[in-house]
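Contents: one structure, followed by commentary.
The values are calculated or read from the model by the stated rules, or taken from the named source; none is laboratory data. What you see is a predicted model, and the numbers here were worked out from it, not measured in a lab. Neighbour counts run over all protein chains shown; Cβ positions are idealised from the backbone, glycine included.
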Amino acid sequence: MEADALAGEPAEDAGSAAWRAELAGLRPADGEGVVFALHTGNGPATLTWLPGLETVLDLPGASGHELCERLTELLGPLTVHLPRTRPGRDFELEQPYDAAGGARRRIRLRVRTVGDTGRATGLLGVVSAVPDIQPGRSELAELTDRYRVLVELSPDAICVHEGGVITYANRAALDLFAARSAGEVVSHPFAEFVAAESAGLLLGGAGPGPVESVLKRVDGSKFAAETVSVRTTEEDTPSFQVVIRDVTTKLAAAAALRAQTAVVTHVSDAIVAITAEGIVTSWNPAAEAVYGWPEPEAVGRRVREVLGAELDPEAIRQAGGVVAQTHRRRDGAPLSVRVFTAETADGYVLVCADETARRRAELHYRTVVAALDEGVLVMGPTGLIESVNPAASRILGVPAAELIGVPCSTLVLFDESDARIPPDELPSVRTRRTGIPQNGLVVRSRRPDGRDVWMSLTSRLLDPDDPQNVTVVTSFTDITEQRAISARLAHDATHDPLTRLANRTLVLDRLERRRRTAATTVLFLDLDKFKLINDSLGHPVGDQVLRIAGERLRRATAEDDVVGRLGGDEFVVVTTGAAEPDEVRTFAAHLRSVLAEPVSVHGRQLHLDVSMGIVLVGAADPRSAQDVLRDADIAMYQAKSRGRGRFEFFDVELRMRMQRRLRMEQDLRDAVHSGQLWPAYQPVVDLRTGDMVAVEALLRWTHPKHGEISPAEFIPLAEESELINVLGKFVLHDTTRELATLRSERGLDLSLKVNLSVRQLDDPHLIPAVRDALATTGLPPSALTLEVTESALMRDASAAAEVLTALRSLGVLLAIDDFGTGYSSLAQLRRLTLDTLKIDRSFITGIAESHNAAAIVSSIIAMAHAVNLTVVAEGVETPEELTILKELGCDQAQGYHLGKPLAATELFH
């Protein structure tokens, strides 16, 4: 230790220093001795003392430098271990000293270590002269005294145990065992401080050298130690001196070194150690893999040779320690490397991270992103746009250079409800704030050229595993065209393609919404006789008529009214502008008048009329939109059945009638196969002889629940639903079979009269059905008369004539039924191959009371006879009517007066 003598200029005043020394218990009670202070902190060591040192050392007139050297020499045993000694420890040492003139003296040093943070940085003490050297004190005693001081000052723990009991422990041992006093260690068995796993190593005797063991502190905690045990006596009771050194830190350092070695060996980065001259001294396995040089060949070469590039580690270190370079493998392949440089005692360490694959991946990524049709923006942690791909620039209509570096909040976006998204709620901002991805958001942006672009946008963190690096990637696809197509498809899905009016789906949706909030009126419209236009003029003309009708309805209604086409010639109007019955009647009449205006199509003037059903819907009406539309349809059907060209309001009774009608129609279908239908026969009498010459087959229905159903109710149902063909076939086969049997078994000479409906005349299976009935039953064709109503014949006289001719070819007879209700003429009757004419009952009823009725019947009979037709009068109810018919020359008659319709078993009992 070097110290500067500052005699006469102490670091603190003499009184303060003396007081501190006395307070520390270092100064003798008699006050003898000189206080000194030694400081060995940062910088050169300093040694200061109070006046009187030259007297104590018996060096009168000595300089400060001389006094400093002599005192430093005396303090040598105390300062040798000072850096490893804790502050607050007291020591006393007597040193032999040769005074001036050769006199032998002894100097006593009493000191205390001082410092902070657990490390001694100096001494505070008192140096005094021992009066006389004790007589008889040998050099061995002096040496022992010195040894004792050295042991006490040793930084290594030293203890002595004799017979297994500790008899001495120096200050370092007490500290190592965490003892508060010597009594917690001395006189205790040494085994108390040895862990069980090391007992065999330390308690069996002295070893040949250092032993690593595990010891225990006073509190029972364990620590790793290196011990050296030396036997000091040969008596029966052995004594050992044990030097103990805490190696916990040493072992930790060794473990850390091993870990560092393992890291260097197994790390994926090349780690290269070089000398200051650039010679490779260390080359880890990763360096072998990256550069292709085996370690034995790489070590000793210049670094530029094995890295394939010039490298100045000092320049790299001064530039920040990191640089990106292109190196080359041994085979010449280029490597993209990031080099980290650190200086060592004898050179440099280079950490070379091979980024070739990452750079290649980045290049591929940039190429792919640049080629994407999907726009990609990257927003950095500051919220500024850092990257823009070409698609993003194209979709947004903004050059990439104008986007990079600007805040993402400058992008103005609107949601699907056309509301602007606030800057703090933009998808990228929300993702940065919450870390939660925003997926598939549909937003709109206004381009600088004024065009709106719709986008499907997704925003997410670039690295979800690194929440501190809040870089956000926003990708978006231009869905403007797709959205327009979807809008067109949605419009087409809810609108009629012919008229562009709302279809049934949209009408029901709007009706469902409106009926919940306000009183609503629904008008169901059906164009009268539209089928005639379609059939006679063709579908193109019919389609044009429908378009014109739809456009007229649209113009005749308010802007918020719903006008729709349900299909065919059916339209519907939903309005809230007319809710009271009188208002609705006025509105309905207005719609009729608008539609009634002449329609000019392809040079033709067409006139339309309409039947309407009306439903008034209150705000609290429980019916669904579907139910309301159904009721409007029922009311429209009622208007049709009452003569067309009118409107009807819906009421509950009307619905009940229609429901009964629907149930009856279904029941009628079931009745055909369940034996509920049966034929009744009404006699036809020859008025000249009074004999029954024929029977007319009339269909009857006995319902299992409602009993007898009137033909007036179920025959129209069959006509409308086309069940009439099934019923007609049933009647034809059943009655021909039954009458053929009666004729054969009873020898009756009767003919059968069966009615044909207008729909049966259109049925292509009619002729085969008649032929099959005659063939299977054996009834002679001349015994079968098929009756057709006058209105059916006049509907399409030429078509009817073809059917009648085909029937005539089978040999059956033909009759015109209900004559007088149509508009047939004598010329028309002559063109039709008929055999019988039946006068409608409306002319027979009241013939006895009305001269005009009798005259009409007489003229009909005369006209029929003129073309050789047999005349049959229907509906004869009284004897008077029968008498008059005989007088007028009528050939045959039927009616309740002559016989009611009965089952065959009753009529032919």
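Things to note:
- Output for region 567-597, where each listed residue is more than 17 Å from residue 647 (Cβ to Cβ) and either touching a Leu at 6+ places or on another chain (Cβ under 7 Å) or surrounded by 13 or more Cβ atoms within 10 Å (Cβ to Cβ) (or both): 568, 576
- Matching entry among 166, 158 (being outside any helix (DSSP H, G or I), touching a residue at least 40 places away in the same chain (Cβ under 8 Å), of a type in the set (Val, Ile, Thr) and buried (at least 16 other Cβ atoms within 10 Å of the Cβ)): 158
- Residues that are crowded, with 18+ Cβ neighbours inside 10 Å and among the small types (Gly, Ala, Ser) were ranked within region 471-529; the one that is nearest to residue 434 (Cα to Cα) is 475.
- Pairs where the first residue, in region 580-594, is under 22 Å from residue 607 (Cβ atoms) and in contact (Cβ under 8 Å) with a residue 12 or more places away in the chain and the second is of a type in the set (D, E, K, R) and part of a helix (DSSP H, G or I), C-beta under 6 Å, 6+ apart: 594/552
- Condition check for residue 562: of a type outside the set (Lys, Arg) and either surrounded by 19 or more Cβ atoms within 10 Å (Cβ to Cβ) or within 47 Å of the chain's Cα centre (by Cα) (or both): yes
- Hits in region 323-333 (condition: buried (at least 16 other Cβ atoms within 10 Å of the Cβ) and in a loop (DSSP other than H, G, I, E, B)): 329
- Taking the criterion of being over 14 Å from residue 803 (Cα atoms) and touching a strand residue (DSSP E or B) at 6+ places or on another chain (Cβ under 9 Å), the residues of region 749-779 that qualify are 749, 750, 751, 752, 753, 754, 755, 773, 774, 779.
- Selection of region 896-909 for residues being in contact with a Gly (Cβ under 9 Å, 6 or more places away or on another chain) and either surrounded by fewer than 16 Cβ atoms within 10 Å (Cβ to Cβ) or at pLDDT 95 or above (or both) yields only 896.
- Number of residues in region 181-217 that are assigned to a helix (DSSP H, G or I), loosely packed, with under 13 Cβ neighbours inside 10 Å and modelled with pLDDT under 85: the value is 1.
- Of all residues making up region 638-658, the number that are under 19 Å from residue 712 (Cβ atoms) and either of a type in the set (S, T, N, Q) or buried (at least 19 other Cβ atoms within 10 Å of the Cβ) (or both): 2
- Output for region 870-909, where each listed residue is among the small types (Gly, Ala, Ser) and in a helix (DSSP H, G or I): 904
- Within region 549-571, residues that are without any contact (Cβ under 8 Å) to a residue 60 or more places away in the chain sit with their Cβ atoms under 6 Å from residues that are small (Gly, Ala, Ser), at 6+ positions apart or across chains, in these pairs: 558/577.
- Residues in region 602-637 that are in contact with a helix residue (DSSP H, G or I) (Cβ under 9 Å, 6 or more places away or on another chain), in a strand (DSSP E or B) and either on the phi > 0 side of the Ramachandran plot or exposed (fewer than 14 other Cβ atoms within 10 Å of the Cβ) (or both): 604 alone.
- Residue in region 241-259 that is closer than 30 Å to residue 336 by Cβ, surrounded by fewer than 16 Cβ atoms within 10 Å (Cβ to Cβ) and either among the β-branched types (Val, Ile, Thr) or at pLDDT below 90 (or both) present: yes
- Complete set of residues in region 284-322 that are in contact with a Phe, Trp or Tyr (Cβ under 7 Å, 6 or more places away or on another chain) and in a strand (DSSP E or B): 322
- Residue in region 62-81 that is in contact with a Pro (Cβ under 9 Å, 6 or more places away or on another chain) and over 22 Å from residue 42 (Cβ atoms) present: no
- Test: residue in region 780-802 that is outside any helix (DSSP H, G or I), over 60 Å from the mean Cα position of the chain (by Cα) and either among the aromatic types (Phe, Trp, Tyr) or farther than 19 Å from residue 817 by Cα (or both): yes
- Number of the condition not met by residue 442 [criteria: (1) under 18 Å from the mean Cα position of the chain (by Cα); (2) on the phi > 0 side of the Ramachandran plot]: (2)
- Extreme residue, farthest from residue 450 (Cα to Cα), among residues of region 392-405 that are assigned to a helix (DSSP H, G or I) and out of contact with any Gly (no Cβ under 9 Å at 6 or more places or on another chain): 401
- When region 466-481 is filtered for residues that are touching a residue at least 24 places away in the same chain (Cβ under 8 Å) and in a loop (DSSP other than H, G, I, E, B), the ones remaining, listed by number, are 467, 469, 470, 471, 479.
- Test: residue in region 816-831 that is in the same structural domain as residue 781 (by TED's automatic domain parsing), assigned to a strand (DSSP E or B), surrounded by 13 or more Cβ atoms within 10 Å (Cβ to Cβ) and modelled with pLDDT of 95 or more: no
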